[in-house]
1. Please identify, among ASP90, ASP215, ASP263, the residue showing maximal mean-square fluctuation in a Gaussian network model of the chain using a 10 angstrom Cα cutoff.
2. For each pair in LYS251/LYS311; LYS127/LYS163; LYS127/LYS311; LYS163/LYS196, compute the distance between the two Cα atoms and list the pairs where it is over 21 Å.
3. Once both labels are modelled 7 Å past Cα along the beta-carbon direction, what's the GLU134-ASN225 spacing in nm?
4. About its Cα centre, how strong a charge dipole does the chain have in debye, to the nearest 20, once Lys and Arg get +1 and Asp and Glu get -1 at the Cβ?
5. So what are segment 68-114's ellipsoid semi-axes, whole angstrom, largest first, if each one is the square root of 5 times an eigenvalue of the alpha-carbon gyration tensor?
6. So for GLU18, GLU315, fewest C-beta neighbours within 10 Å to most, what's the order?
7. Show me 194-203, 75-84, 92-101, 122-131 ranked by packing, highest mean number of other Cβ atoms within 10 Å first.
8. Measure off 7 Å from each Cα along the Cα-to-Cβ vector at LYS245 and PHE38, then give the distance between these two points in nanometres to one decimal.
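No value in this document is a laboratory result; all are computed from the given coordinates. None of the values given here were measured: they were computed from a predicted structure. Reconstructed Cβ throughout: ideal geometry from the backbone, glycine too, with neighbour counts over all protein chains shown.
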Amino acid sequence: VNVKAIGKNDNANVERDETRGLSKALLDLMPTLGTDAFTFSPIRESTVSRAMTRRYFSDLDAHAETDIVIVGAGSCGLSCAYVLSTLRPDLRITIIEAGVAPGGGAWLGGQLFSAMVMRKPADLFVKELNIPYEDEGDYIVIKHAALFTSTVLSKVLQKPNVKLFNATTVEDLITRKHHAESSASSDDGEAADESKVRIAGVVTNWTLVSMHHDDQSCMDPNTINAPVVISTTGHDGPFGAFSVKRLVSMKQLERLNGMRGLDMQSAEDAIVNNTREIVPGLIVGGMELSEIDGANRMGPTFGAMALSGVKAAHEAIRVFDL
Ligand code: AHZ
């Protein structure tokens with residue numbers, strides 16, 4: 001795909017005032033603020049409108065056919081997007097997040113506390129992102145979960161091959177008949193089973209529209225075709241575990257085993273180790289997985305979310321390249 005550059009980054013040409021830490025231009029601007037000497041560059045309202053809508057609709061057009069869709073921009077989905085977009089700048093990656101604010105449950109550490117705990121070796125991912133932390137031996141602590149989430153989010157959003165559609169919900173999965181011989185997960189050449197499907201994209205709607213299917217009729221959705229979908233929608237809840245619940249209702253999974261009680265020790269290993277292609281074309285990562293396998297929850301420790309995202313990226317590249 002041709003992925004066009006997202007914009008000019010002329011930070012390298014910014015002249016800094018070394019003692020005061022800010023750019024000379026910003027320091028020169030400061031005393032003019034609130035005086036007659038200060039005014040913004042001129043603009044017309046329609047220019048603002050077109051600046052936004054032209055880009056949004058051109059992104060919708062470009063991403064209607066995408067290489068990889070990530071459903072859910074929580075800690076797992078964002079970690080996955082970072083690795084995938086870095087390793088494969090040639091791939092067009094589309095993130096669909098139901099909430100207005102991407103980040104899922106990773107804006108706070110646990111309860112309403114700030115600090116975020118990650119067990120080693122997830123410190124390797126935090127080092128990759130260049131986020132400061134305190135090393136406590138077997139685990140590290142980032143002073144605020146929002147520092148992790150805002151950093152990974154900002155790095156992902158700067159990638160030219162990534163588009164995040166937030167306030168947008170995945171309402172359904174696109175399916176095709178699955179032919180085992182062409183499957184990513186089977187190489188034994190068995191005959192096509194009519195009831196088996198592969199996932200071939202997602203069905204979307206703006207979240208505010210999705211929330212009103214009960215009181216407004218016929219608000220049809222939109223679609224995105226993709227050979228690989230990665231679902232990281234979290235454990236069951238009002239929005240969570242979306243794709244795996246849909247796999248059960250379309251009889252591609254017999255049942256969900258349901259997330260078990262909390263056991264930090266075993267839960268994190270299980271989530272990373274079980275991150276995989278569940279049906280052809282659909283990889284599941286993060287806490288959504290616990291619903292399929294009956295893994296324990298881990299509570300407020302986030303290493304498994306980062307490394308499940310790393311594994312989902314690795315798996316997505318394998319499936320895409322088949
Ligand atoms: O809004 C959801 C959230 O941002 C989004 N999402 C869910 N359903 C969606 C749909 N379409 C689009 N149908 C959807 N987006 O998915 C994101 C999931 O983020 P999360 O933080 O809930 O999940 P995660 O697996 O990345 O991280 C789980 C973090 C947890 S939960 C937990 C525990 O309960 O013990 N412990 C940890 C570390």
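1. In the Gaussian network model the winner is ASP215.
2. Details: LYS251/LYS311 26 Å; LYS127/LYS163 24 Å; LYS127/LYS311 17 Å; LYS163/LYS196 31 Å.
Distance filter (> 21 Å) returns LYS251/LYS311; LYS127/LYS163; LYS163/LYS196.
3. In this crude label model, GLU134 to ASN225 measures out at 5.3 nm.
4. Details: 31 positive and 41 negative charges, 122 e Å.
I would put it at about 580 debye.
5. Details: eigenvalues 115, 29, 7 Å².
For segment 68-114, the semi-axes come out at 24, 12, 6 Å.
6. On the way: GLU18 5, GLU315 20.
The most exposed by this proxy come first: GLU18, GLU315.
7. Working: 194-203: 19.4, 75-84: 29.9, 92-101: 22.0, 122-131: 17.1.
Ranked by mean Cβ neighbours within 10 Å, highest first: 75-84, 92-101, 194-203, 122-131.
8. That separation, rounded to one decimal, is 4.9 nm.
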